[in-house]
Structures are given as structure tokens and as C-alpha cells.
Amino acid sequence: MWFKLIDKTQFRTYVRQDARLNTAYWLATKVVHLCETRANMPSLKARIAVYRRKIHMLINLVVQDLLNQEGLTKDLIKQYLEYTMDYCQISLNNISQRIHCAQSGEEMPSEVNQVDREMEFIRNRTEIIPGDDLLEEFDRGIYLIYQTALTAYGSSDLSDTHMTGIKQRLDTAYDIMQPGFVKIQRHCNAYTAHLNLEPTTQLALTNQQIVDLSGMFNAGLSLAKFSRVIFDTANRLQPETISEVALTHWQDRITDAGNAIQDRLIEINLARSNNILKALG
């Protein structure tokens with residue numbers, strides 16, 4: 001595992017910074033999700049204001065602490081920091097417009113290429129980290145699902161070769177999201193052992209990380225299954241053969257299912273980062 005080559009003190013600083021950025025990213029994602037799924041009420045904007053302040057605080061802490069990093073871990077944090085700052089700025093700007101767009105079904109103008117930017121970030125990060133890493137495998141699975149969605153719904157190519165390529169990427173993502181308990185346990189044991197924690201704290205964090213990572217991959221597997229269903233159904237569905245009411249009901253069910261999966265992804269990723277930050281103190 002790549003982090004075993006990193007000094008333990010250095011790695012501990014890196015993990016704290018990474019957890020802060022991960023929290024900021026998923027809080028920003030939560031803001032977008034709330035705008036898309038909750039009624040426009042004063043309580044919503046108050047809640048978003050709280051998240052905004054926490055995001056700014058977390059990013060500022062990472063900026064201040066960046067001087068304590070060097071080498072590979074500094075490169076990783078700088079890359080993650082740049083992407084997170086850009087992502088959070090886009091997510092937190094023009095909240096009123098975002099809520100309006102969500103309610104009217106319009107797309108936020110600033111987010112046309114957001115998925116492309118995220119895919120590029122994941123791809124570049126995977127290239128920097130040497131060797132296999134379970135967390136990067138999770139990101140690679142998400143990348144393949146995003147790539148499938150863009151390829152499937154952004155193209156008019158219905159050839160067998162095109163459809164086979166989409167299915168293969170989904171199958172790969174499906175497999176990635178099932179690493180198995182032993183692999184998760186091995187990763188968590190090695191990860192926490194390299195943080196130089198007091199034994200009791202290390203054991204508690206290891207057990208919690210096993211739970212959190214298992215939850216992450218289960219949510220990722222749900223997303224892969226969901227994408228499979230969408231892809232298979234969309235290929236078989238002939239809108240002209242079903243009523244408009246039936247089509248609307250199907251679309252509503254898909255929307256509800258997708259929102260539930262997004263809720264799980266957000267909360268389990270926030271929980272994992274928060275548990276790491278608590279353990280590190």
C-alpha cells in the first residue's frame with residue numbers, strides 16, 4: 001500500500017487534511033442535493049448558511065496546514081484542495097438561482113461541465129497514487145459510472161459495439177464496488193496502523209472505518225445496480241408503447257430511487273471523514 005512508504009507523522013497530517021477536504025466536498029454536495037430535493041423555505045437557507053461556514057473553515061484549515069506537507073502527500077492535497085475549492089465555489093454560488101433551477105427543471109449554467117471536471121480529477125488522482133489503494137478503487141468505480149452515464153445518454157450511437165462498451169464499464173464498476181470484507185479489513189488495519197495512534201483509539205477507529213468503508217461500497221454498489229437498471233430499461237423502453245402517465249410514474253420512481261442513493265452516499269462519506277477527524281483530535 002502506497003502510504004506505507006510515507007512517514008507516519010506526515011501521513012497523519014495528510015489524512016487529517018484529506019478528511020477535511022472530503023467533508024467540505026460532501027457538504028457542498030449535500031447543499032446541491034438539498035436545493036434539488038427540499039422545499040424553498042427559510043429553514044433551508046439557514047441550514048445551507050451553516051454548511052457554507054463550515055466548508056470555508058475546513059478549506060482555510062487545509063490551506064494553513066499545507067506548509068506541513070511535502071513530496072507525494074503535498075501533491076495529493078494540493079490537487080484535492082484546488083478541485084474542492086472550485087467545486088465548493090460552484091456549488092455554493094447563487095443558491096436562490098439553484099433552487100429556482102431545481103424547481104423549474106432547468107440546469108445551472110455553471111454546471112454544464114461539472115461531471116467532466118470531476119472525472120478528470122479522479123483520473124488524475126489515480127495516476128498520481130502509486131499502486132493499488134482501496135479508496136482510489138472506490139473513486140475509479142464512481143468514475144466508470146459517470147463515464148457510462150455520459151457515454152450512454154450523450155450519444156446517439158446505438159451500435160452493438162457502443163452498447164457492449166457501456167455494459168462492460170458498468171460490469172467493471174459493479175465488481176469494484178464488491179471488494180469483500182477481507183480486503184476492506186486489510187486496508188483499514190494498515191491505514192489506521194500508519195497513523196501512530198494510541199492502541200485503544202487505533203482499534204476503535206479501525207472497527208469504525210470497516211463499518212464506514214463497507215457502507216461506502218454498499219452505497220456505490222447500489223449506484224452501480226441503479227445505473228444498470230436505468231441502462232437496461234432505457235434500451236427496452238419504447239415511449240410510444242406506454243401511456244404518458246405510466247412513463248411519468250416510472251420517471252418519478254427513478255428520481256426517488258436516485259435521490260435515496262445520493263442521500264446514502266453523502267451521509268456515509270461525511271460519517272467516515274468525521275470519524276477520522278474525531279480520532280485524530
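The values are calculated or read from the model by the stated rules, or taken from the named source; none is laboratory data. Every value quoted in this text rests on a predicted model; they were computed, and no experiment measured them. We place every Cβ from the backbone using ideal geometry, glycine too, and count neighbours over all the protein chains shown. What goes into the accessible areas is simple: the full protein's heavy atoms, side chains included, and nothing from ligands, DNA or RNA. Shrake-Rupley method; radii C 1.70, N 1.55, O 1.52, S 1.80 Å.
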Expected single match for open to solvent by 30 Å² or more (accessible area, probe 1.4 Å) and within 21 Å of ARG20 (Cβ to Cβ) among ASN124, ASN94 is ASN124
Within segment 61-70, how many residues are touching a residue at least 60 places away in the same chain (Cβ under 8 Å) and in a helix (DSSP H, G or I)? 0
So ASP132 ticks every box in (1) assigned to a helix (DSSP H, G or I); (2) in contact (Cβ under 8 Å) with a residue 60 or more places away in the chain but one. Which box is left unticked? (1)
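Listed here are the residues, each with its yes/no results for (1) in contact with a Phe, Trp or Tyr (Cβ under 8 Å, 6 or more places away or on another chain); (2) surrounded by 13 or more Cβ atoms within 10 Å (Cβ to Cβ).
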site	(1), (2)
THR172	no, yes
GLN178	yes, yes
ASP212	no, yes
ARG253	no, no
ALA257	yes, yes
ASP263	no, yes
ALA271	no, yes
Checking ASN40 against (1) open to solvent by 40 Å² or more (accessible area, probe 1.4 Å); (2) assigned to a helix (DSSP H, G or I); (3) of a type outside the set (Gly, Ala, Ser), which single condition isn't satisfied? (2)
Does segment 7-30 include one or more residues that are part of a helix (DSSP H, G or I), without any contact (Cβ under 8 Å) to a residue 24 or more places away in the chain and under 25 Å from ASN259 (Cα atoms)? no
The condition of being surrounded by fewer than 14 Cβ atoms within 10 Å (Cβ to Cβ), over 30 Å from THR255 (Cβ atoms) and of a type outside the set (S, T, N, Q) holds, among VAL50, VAL63, only for VAL63
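Among the residues of segment 218-242, which ones are at pLDDT 75 or above and either out of contact with any Leu (no Cβ under 9 Å at 6 or more places or on another chain) or of a type in the set (Asp, Glu) (or both)?
Step one: filter segment 218-242 for residues at pLDDT 75 or above, giving 218-233.
Matches in segment 218-242: ASN218, LEU221, LYS225, PHE226, VAL229, ILE230, ASP232, THR233.
Looking at GLN79, GLN103, GLN89, which is the one that is assigned to a helix (DSSP H, G or I), without any contact (Cβ under 8 Å) to a residue 12 or more places away in the chain and over 18 Å from ASP263 (Cα atoms)?
Just a single option satisfies the conditions, and that option is GLN89.
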Out of the residues in segment 67-76 that are more than 12 Å from ASP18 (Cβ to Cβ) and of a type outside the set (D, E, K, R), which is surrounded by the most Cβ atoms within 10 Å (Cβ to Cβ)? LEU72
Scope segment 172-201; condition in a helix (DSSP H, G or I) and either under 14 Å from ARG272 (Cβ atoms) or in contact (Cβ under 8 Å) with a residue 60 or more places away in the chain (or both); matching residues: ILE184, HIS187, CYS188, ALA190, TYR191, THR192, THR201
